[in-house]
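Worksheet: the structure to be examined is printed underneath.
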Number of protein chains: 2
Amino acid sequence: MSEAPSYKERKVITIGVVSELTGLSERQIRYYEERKLVFPERSPKGNRKYSFADVELLIDIANKREEGVQTYEIRQDMIREEKKREKRMRKQLLRGEINARFGIQRER
Amino acid sequence: MSEAPSYKERKVITIGVVSELTGLSERQIRYYEERKLVFPERSPKGNRKYSFADVELLIDIANKREEGVQTYEIRQDMIREEKKREKRMRKQLLRGEINARFGIQRER
DNA sequence: CGTGTAAGGAATTCTGACACG
DNA sequence: CGTGTAAGGAATTCTGACACG
């Protein structure tokens with residue numbers, strides 16, 4: 001195991017295609033990056049590359065914006081969600097460590 | 001159910017990115033299309049768009065070419081494979097139809 | 001046959017800025 | 001704040017062709 005396939009996360013889509021896929025203008029997409037809502041990668045010469053996950057995120061953002069939610073609030077919500085996720089991850093990790101020591105017995 | 005997600009099949013990757021992903025030159029990628037080995041979609045203005053499935057196919061093609069297999073033979077193999085697939089599909093479909101009538105009972 | 005390359009043009013993307021509100 | 005637009009330049013992509021082998 002090394003190269004995770006993960007088509008959803010690979011950053012390979014150019015901004016023009018993302019624009020078609022989301023219905024957002026390129027201006028809007030770049031602005032949401034400026035507001036730290038999306039983080040495309042860059043090709044060697046500086047062109048933005050997005051993943052399918054980014055496309056879905058942008059669609060969520062577009063929906064929030066239509067409801068009148070400001071980019072700042074959207075960002076705060078994202079940060080909160082991220083912290084919850086991390087909390088869960090830490091718990092999971094802890095459980096894993098406990099199992100490794102006292103749980104499942106493996107050959108030695 | 002309507003919009004199948006299917007990240008693997010969505011044609012959204014430009015030829016430059018495909019070139020990076022596969023290690024093939026754009027010239028080679030276009031030539032394999034000419035030889036009917038890959039079938040990218042086109043954007044409104046005519047730019048080629050590939051899927052992750054296409055990228056994997058191109059990598060397979062690249063490997064075959066390295067072994068000295070000609071594009072014509074590769075195409076013949078692909079056609080043979082396709083026919084096998086269709087055969088299996090017809091069988092599956094047939095089974096499904098039988099089940100629909102005499103197998104699993106559903107409410108009516 | 002398979003691939004490189006130079007050619008010319010059209011479309012894409014980038015950045016920084018002015019505009020409106 | 002969020003988005004449109006004109007501006008100028010650089011990079012991308014396209015097609016048809018000549019080249020070599």
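The values are calculated or read from the model by the stated rules, or taken from the named source; none is laboratory data. These numbers come from a predicted model, not from an experiment. Note that we place each Cβ from the backbone using ideal geometry, even for glycine, and neighbour counts take in every protein chain shown.
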* Asked: Looking at (1) surrounded by 10 or more Cβ atoms within 10 Å (Cβ to Cβ); (2) more than 10 Å from DNA strand C (Cβ to nearest atom), which is the only condition residue B:31 fails?
  -> (2)
* If you scan region A:40-76, which residues turn out to be without any contact (Cβ under 8 Å) to a residue 24 or more places away in the chain and in contact with a helix residue (DSSP H, G or I) (Cβ under 7 Å, 6 or more places away or on another chain)? -> A:64
* Asked: Within the group B:97, B:26, which residue is among the acidic types (Asp, Glu) and more than 27 Å from residue A:20 (Cβ to Cβ)?
  -> B:97
* Go through A:67, A:107, A:86 for me and flag whichever is over 30 Å from residue B:9 (Cα atoms) and at pLDDT below 95. => A:107
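Let's see how each residue does on (1) more than 14 Å from chain A (Cβ to nearest Cβ); (2) within 12 Å of DNA strand C (Cβ to nearest atom):
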site: B:21; (1), (2): no, no
site: B:49; (1), (2): no, yes
site: B:60; (1), (2): yes, no
site: B:66; (1), (2): yes, yes
site: B:81; (1), (2): yes, no
site: B:88; (1), (2): yes, no
site: B:100; (1), (2): yes, no
